[in-house]
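Written out below as structure tokens is the structure these notes cover.
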Amino acid sequence: MTYRPSMHAFDREAKKLSKRILRYALKRVRMDPPLDHAVSEAELRRRAGRTVTREGIGAQRALSVWEDVLAPACISIDHPRYFSYVPAAPTEAAGLFDVAASAANIFGGSWQEGAGAIYAENEALRWIADLAGLPSEAGGVFVSGGTAGNLSALVAARWKWRHDSASAMDMTRGVIIASRSAHSSITQAAQVMDVDVVWAADDDRGRLVGEAVHAAWMSMTQDQRVRTFCVVATGGTTNVGVVDDLAGVGQIAADLGLWFHVDAAYGGAALAAPSVRALFDGVERADSIIVDPHKWLFAPFDSCALIYRDPRIARAAHTQHAEYLDALRHDDDWNPSDYAHHLTRRARGLPLWFSLAVHGTDAYTDAVERNLTVTREGAEDIRTSLYLELVMDPELSVLVFRRRGWTTEQYYAWSDTVLTDGLAFVVPTSWRGETVLRLCLVNPATTRDDLRLVFNSLK
Ligand SMILES: *Cc1c(COP(=O)(O)O)cnc(C)c1O
């Protein structure tokens, strides 16, 4: 086994292997991937067999099993007709640099160990903070995903509430206010933190507006109000892609002295898109914001930009203390470990940074605008169709529509068929209890013709 390919140990086999792996990586970031789909465990067992053995199966065989059997049993998220959930379409630069960053195996937790990588990550964070209009002191860290980002932000918010109460609230269970349309990870964070959620009503498009937060507040008991520390708004709901009334919600949060968290995991990329930027007015009031580059900023999994208006609060909430850690701390160093619920971390912001550095931010604006344009074209096609009907006009890059006359069973049967045929991946969703279709567009390679292929298959 070659642990470390030194000049001596870098034998023929190892050299061939690294070439093959790199060739595979290059091919994979470049190719137009087939859509592919999952197969059963039994089928994989039959075709791949036992791969972890005492003697090892050898490099060539392991890589062949991966390429020929295992990789095709994973859906290609970057396929232009992958429309389910929130897809992802990393740039070649981002995908390849992820390989490079992995090879360097940098510890991205402390400045002492990862200064160069952290500098680069912070440049990328700064770009997002500037798009949101956050002050120059704002900063944060890349975490694994929106779920981790939301949790860490809410923990910081609670820390501040307790700190401001001079510990009077230290034993008190907190409350957050969130919209019914908030992402499931908010519920999950509340469970992990053991806090209560007061659900504010969303409007007929699923938006949270300032008045609804006010109404929720008025309906709360005095005890609940005292325990409330945060209001969560969404910058692009996952299900239908609408942006909450960030100005109104942010204002109420300020009036009530509550932390204002903006979950823009999916929609935050649209901060770079002039055609929809106005929808986000008020985001500059956020105490914390998350944006997932692995969703609509063309970076590979896994990456969530978590940014705080005042990072000192996050640092106070999240810094881990231990003898062996404190010895390493230099007080004014920027240590990403201190800004979220984690310690060891890969510098997972590097692929986004590299791609931004290579292409420039204008290319990001163009790519996001392209998705928005194709979404609007798709909406136009649905409007003029006789058998399809928009559930609502798209705000960002999510199309929600119905196939007239179809039952829930028909939607699901169609979804299965188009996936097995390799045509498209579209899972139905529901809107106000009705099963409908949802297409989420974050891949710049997706065209109006791709949408038309889907629409035609619904005839
Ligand atoms: C996707 C999403 C999340 C969760 O992000 P993960 O990266 O999947 O953990 C949270 N909030 C919103 C609005 C999302 O769209």
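Derivation of every value follows stated rules applied to the coordinates shown; laboratory data play no part. Keep in mind that this is a model prediction, so the values were computed, not measured. When we count neighbours, we look across all protein chains shown, and the Cβ atoms used for this are built from the backbone with ideal geometry, even at glycine.
I'd like the FRET efficiency for S136 and S219, computed as 1/(1 + (r/R0)^6) with the beta carbon distance as r and R0 of 35 Å, rounded to 0.05. FRET efficiency, S136 to S219: 0.35. Simple spin-label estimate for A357 and Y85 gives 3.0 nm between the two label positions (7 Å along the Cα-to-Cβ direction from each Cα). Using the Cβ-Cβ distance between D164 and E55 with R0 = 51 Å, the FRET efficiency computed as 1/(1 + (r/R0)^6) comes to roughly 0.25. Gain on full extension, evaluated as 0.36 nm per residue between R376 and A201 minus their Cα-Cα distance, stands at 60.2 nm. Using only Cα atoms, locate the centre of region 171-187 and the centre of region 35-99, then give the distance between them in Å, rounded to an integer. Using only Cα atoms, the two centres lie 36 Å from each other. Each DSSP beta bridge with both residues in the chain is either parallel or antiparallel, and the antiparallel ones are about 55%. Treating r as the C-beta distance of D366 and F107 and R0 as 45 Å, the FRET efficiency rounds to 0.80. Taking region 444-459 and a reference point 7 angstrom along Cα→Cβ of A413, the backbone N atoms nearer than 20 Å belong to 454-459. Scaling against 2.2 N^0.38 Å puts the C-alpha radius of gyration of the chain at 1.04.
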